[in-house]
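A short write-up of the structure that comes next.
The values are calculated or read from the model by the stated rules, or taken from the named source; none is laboratory data. Please read all numbers here as calculations on a predicted model, not as lab measurements. Reconstructed Cβ throughout: ideal geometry from the backbone, glycine too, with neighbour counts over all protein chains shown.
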Amino acid sequence: MSRLEGKVAIITGSGRGIGKAIAKTLALEGASILVNDVDEEVAEETADELRELNSKVAVAAGIPEGDVTDESSCIRMVEKARRELGGLHILINNAGVTRDKVIHKMTDEMWNLVLKINLKGIMFMTKAACEHFKQQRYGKIVNMSSMVGLGGNVGQINYSASKAAIIAFTKSIAEYLASYNICVNAVAPGIIDTRLTRQIPEEKFASYERSIPMGLGTPEHVARVVLSLCSKDFDYVTGQTILVSGGLII
């Protein structure tokens, strides 16, 4: 029997990159998936690929349906998963953005956008899902943080702040939900080969890659850790942050 047979997962920001890899990895283990992204085209592409894996799929994409910063949209996503996929057991809070600048070049708009999507979006999705999880006395929540949430990054003050806050949020919600048999954990990826990291200037990217003892990470490396956290193997683990950096941070 597959590790997630009969389980239903919402994965925010699953149209591409790490979110898409998580969706495919969970689907291969039997989970039904609600694909979420503000980009309708990439969300539908991911959904089609999941259907080819024989996964049951629903889609909540575009604006406002796929907007994690809109509380009513988050509530509708949970309702859609329950209605179209038969329940909800797993929430992966993966949606996020970057607007990188050093502090003297950081604008209010850049700061607010990153905090709104990366942090407020997680709060709204968790709030929408956890009442259902509490009623069924079961749930798995995985929040995507980052290694910069642990160590900071000079050119990513807004992103680093949001990812550090996610770690504290994870611990707080884990403590609140533990007695309901709900596990809440975070994953902190290091430098992963995605569309976003490939936007780093080539010379700088090569320098980053050389600094990783185990080499450049892939979205699948992160996805397999998320899968483990969602499985029975981690039913007694909550409030933790798992660093996936290939030895870059030890």
Quiz item: Does residue 200 satisfy being of a type outside the set (Lys, Arg) and at pLDDT below 95?
Solution: yes
Quiz item: Looking at (1) of a type in the set (A, V, I, L, M); (2) modelled with pLDDT of 95 or more; (3) surrounded by fewer than 21 Cβ atoms within 10 Å (Cβ to Cβ); (4) more than 23 Å from residue 133 (Cα to Cα), which is the only condition residue 75 fails?
Solution: (4)
Quiz prompt | Residue list for the stretch 121-143, restricted to those being crowded, with 20+ Cβ neighbours inside 10 Å and part of a helix (DSSP H, G or I) | solution = 121, 122, 124, 125, 126, 128, 129, 130, 133
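Inside the stretch 48-91, can you point out the residues that are under 18 Å from residue 16 (Cα atoms) and either assigned to a loop (DSSP other than H, G, I, E, B) or within 17 Å of the chain's Cα centre (by Cα) (or both)?
Scanning the stretch 48-91 gives 53, 55, 59, 60, 61, 62, 63, 65, 66, 67, 68, 91.
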Self-check item: Index of the failed condition, residue 165 passing every other in (1) assigned to a helix (DSSP H, G or I); (2) touching a Ser or Thr at 6+ places or on another chain (Cβ under 8 Å); (3) closer than 17 Å to residue 96 by Cα
Solution: (2)
Exercise. Restricting attention to the stretch 4-35, report how many residues are part of a helix (DSSP H, G or I) and not charged (D, E, K, R).
Key: 10
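Do we have residue 171 as of a type in the set (Lys, Arg), surrounded by fewer than 21 Cβ atoms within 10 Å (Cβ to Cβ), modelled with pLDDT of 90 or more and under 21 Å from residue 115 (Cα atoms) here? Show your work before the answer.
On the way: of a type in the set (Lys, Arg): yes; surrounded by fewer than 21 Cβ atoms within 10 Å (Cβ to Cβ): yes; modelled with pLDDT of 90 or more: yes; under 21 Å from residue 115 (Cα atoms): yes.
The answer is yes for residue 171.
Against the definition (buried (at least 20 other Cβ atoms within 10 Å of the Cβ) and touching a Lys or Arg at 6+ places or on another chain (Cβ under 6 Å)), how does residue 146 come out, yes or no?
Considered against the rule, which asks whether it is buried (at least 20 other Cβ atoms within 10 Å of the Cβ) and touching a Lys or Arg at 6+ places or on another chain (Cβ under 6 Å), residue 146 comes out as yes.
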Practice problem: Quick one: count up the residues across the stretch 92-120 that are among the charged types (D, E, K, R) and in a helix (DSSP H, G or I). | Solution: 5
Practice problem: Please state which of the following conditions residue 181 fails to meet, knowing it meets all the rest: (1) closer than 22 Å to residue 244 by Cβ; (2) touching a residue at least 24 places away in the same chain (Cβ under 8 Å). | Solution: (1)
Quiz item: Looking at (1) farther than 29 Å from residue 193 by Cα; (2) surrounded by fewer than 16 Cβ atoms within 10 Å (Cβ to Cβ); (3) not polar (S, T, N, Q), can you tell me which one residue 63 breaks?
Solution: (1)
Quiz prompt | Top-ranked residue in the stretch 1-15 [being surrounded by 24 or more Cβ atoms within 10 Å (Cβ to Cβ) and of a type in the set (Ser, Thr, Tyr); ranked as farthest from residue 224 (Cα to Cα)] | solution = 12
